[in-house]
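Novice: My questions will all concern the structure given below.
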Amino acid sequence: MSAILLTAAAFLGLGATAWTAIGALATAGTFLIALAAAWIALRQVKQARELAEEQARPYVVAYIEERPESSKMLSLVLRNIGHTAARKLQVSVDPPFVRAREDVGGHHFMDAVFLQETTDVLAPQAELSNFLDSGPERYATDLPGAFSVKLRYEDRAGAELTDEYKLDFTAGRGDLRPEIHGLHHIAKTLRAIAKKQGITHF
């Protein structure tokens with residue numbers, strides 16, 4: 001080894017002490033590279049774990065959806081688009097939503113069970129919904145259209161999750177949309193025909 005160092009020293013003009021220092025620096029550099037590689041590996045493991053947890057969590061979303069019978073009638077929908085069940089779901093609406101005709105039949109929007117009580121379990125892809133209002137009727141009033149829906153629920157490990165959505169019933173006001181007739185309209189027409197024909201059992 002001494003002979004090699006002496007040969008290198010003679011070739012590069014460096015002394016044995018300098019070569020020893022270079023060797024120490026090379027060792028330190030190798031250690032730092034290994035340390036950096038270990039840090040990157042740990043970070044990747046952490047990111048993979050967080051991604052797996054994110055993909056496995058329940059994810060309840062709130063949105064406004066057109067009812068199948070008419071694009072003029074809208075509902076509030078809560079849907080669990082996650083891969084696991086949402087537990088102990090609590091819903092708060094601010095300000096409390098009031099329909100244009102809340103007095104019809106005594107059915108008030110905020111009286112819905114899932115808005116007043118805790119939903120024990122909302123399975124993946126399951127949903128809760130409640131009729132919001134009729135567009136033309138609401139637009140004829142001074143009632144506000146914007147409101148927020150706050151959702152509190154737990155995942156399978158008992159960790160609490162909170163999501164909040166800003167919604168606006170009047171966001172689509174002024175849109176021109178064709179009225180698409182479906183099975184609901186067909187059934188309604190058939191019932192009207194049956195009534196004219198005096199058919200009572202239909």
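Computed from the coordinates by the stated procedures, all read-outs in this text should not be read as laboratory data. This structure is a prediction, so every number in the text was calculated from the model and none was measured. Note that we place each Cβ from the backbone using ideal geometry, even for glycine, and neighbour counts take in every protein chain shown.
Novice: Among 139-148, 57-66, what's the highest-first ranking by average C-beta atoms within 10 angstrom per residue?
Specialist: Details: 139-148: 13.5, 57-66: 17.4.
With the highest mean Cβ count within 10 Å placed first, the list reads 57-66, 139-148.
Novice: How do L35, L76 rank when sorted from fewest to most other Cβ atoms within 10 Å of their own Cβ?
Specialist: The fewest-first ordering by Cβ neighbours comes to L35, L76.
Novice: Tell me, what is the FRET efficiency for D142 and Y63 to the nearest 0.05, using R0 = 35 angstrom and their Cβ-Cβ distance as r?
Specialist: Once rounded, the FRET efficiency stands at 0.90.
Novice: Continuing with the same structure: Sorting L89, L74 on the 10 Å Cβ count, fewest up front, what's the list?
Specialist: Fewest-to-most ranking of L89, L74: L74, L89.
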